[in-house]
1. Report the label-to-label distance for Lys165 and Lys65 in nanometres (one decimal), using points 7 Å from each Cα along the Cα→Cβ vector.
2. By its C-alpha gyration tensor, with a ≥ b ≥ c as the square roots of the eigenvalues, how is segment 20-164 shaped: rounded for a/c under 1.5, else prolate for a/b larger than b/c, else oblate?
3. With charges set only on the Cβ (+1 for Lys and Arg, -1 for Asp and Glu), what does the dipole of segment 14-167 come to about its Cα centre, in debye to the nearest 20?
4. Kindly provide the chymotrypsin sites (Phe, Trp or Tyr not before Pro) of segment 48-149 that DSSP labels as loop, not H, G, I, E or B, and whose Cβ sees at most 16 other Cβ atoms within 10 Å.
5. If you add up the charges near Gly132, with Lys and Arg at +1 and Asp and Glu at -1, over every other residue whose beta carbon is less than 9 angstrom from its beta carbon, what do you get?
6. Using 24 Å as the Cα-Cα cut-off, could you pick out the over-long pairs in Lys114/Lys163; Lys65/Lys124; Lys53/Lys163; Lys65/Lys165; Lys105/Lys165?
7. Between segment 121-179 and segment 26-72, what is the separation of their alpha carbon centroids in Å?
8. Provide the convex hull volume over Cα atoms per residue for segment 36-114, in Å³.
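Values in this text are rule-based calculations from the coordinates and carry no lab data. Note that the coordinates shown come from a computational prediction; the quantities given were computed from them, not determined experimentally. In this analysis, Cβ positions are derived from the backbone assuming ideal geometry, glycine residues included, and neighbour counts consider all displayed protein chains.
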Amino acid sequence: MRRRYKNAVLIALGMLVVFSGSSFSQSSGSMSEEEIGIRKKSLYSEEEVRPAKGVYPETSPGASKRFQRAFENSPPLIPHDLTGMLPIAETNNMCTGCHMPMAAKSVGAVAIPKSHFVDMDTGKDLGETLDGNRYDCMQCHVPQVKMSAPVQNLFEGEFRDEKGKYSSNLADILNEGVE
């Protein structure tokens, strides 16, 4: 019974702080809700808001320029057109035709890294079999889009060496520091 009472009091105090804070901010000349966010429009209406449209790559696979990763072991961006390759399904994945390690070198594609051939739950090496949780490539990899950023990005990724800018060593360092 005491616990319920304490929880009710904490909730009431929290609501008091929220409501008193919002009335204080309006009366003290601080920023409005529209001025705070990136979109600069009302948060309660979608009529004036349209998603920004970017330009997707039209370069065919094999003819596209590789983009540097954002940071070490971040998923690389897809630099080529995806027309005719979607949707990706476990039984129909056009990406694996070129990016499986056995085929990648001969077609000039980036090979799927070793980390995708390890069962991350058990640590078991799956050999040449892609982990069943890794078939949906676009869960992590997205096409590069040319568009202006809504805010300036000052982030600079760090890399241990130059090779890390374009390839993954995640499988090699996954247990680094684990005793």
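1. 1.3
2. Values: a/c = 2.34, a/b = 2.05, b/c = 1.14.
Taking the square roots of the gyration eigenvalues as a ≥ b ≥ c, segment 20-164 is prolate.
3. On the way: 16 positive and 20 negative charges, 103 e Å.
So the magnitude is around 500 debye.
4. Values: sites: Phe67, Phe71, Phe117, Tyr135; in loops: Phe67, Phe71, Tyr135.
Of the chymotrypsin sites (Phe, Trp or Tyr not before Pro), the ones in loops of segment 48-149 whose Cβ has at most 16 other Cβ atoms within 10 Å are Phe67, Phe71.
5. Details: positive: Arg134; negative: Glu90, Asp119, Asp131.
So the environment of Gly132 carries a net charge of -2.
6. Working: Lys114/Lys163 15 Å; Lys65/Lys124 34 Å; Lys53/Lys163 33 Å; Lys65/Lys165 14 Å; Lys105/Lys165 19 Å.
Lys65/Lys124; Lys53/Lys163, as the Cα separations exceed 24 Å there.
7. Distance between centres, Cα-based: 23 Å.
8. On the way: hull volume 14.5 nm³, N = 79.
Hull volume normalised by residue count: 183 Å³.
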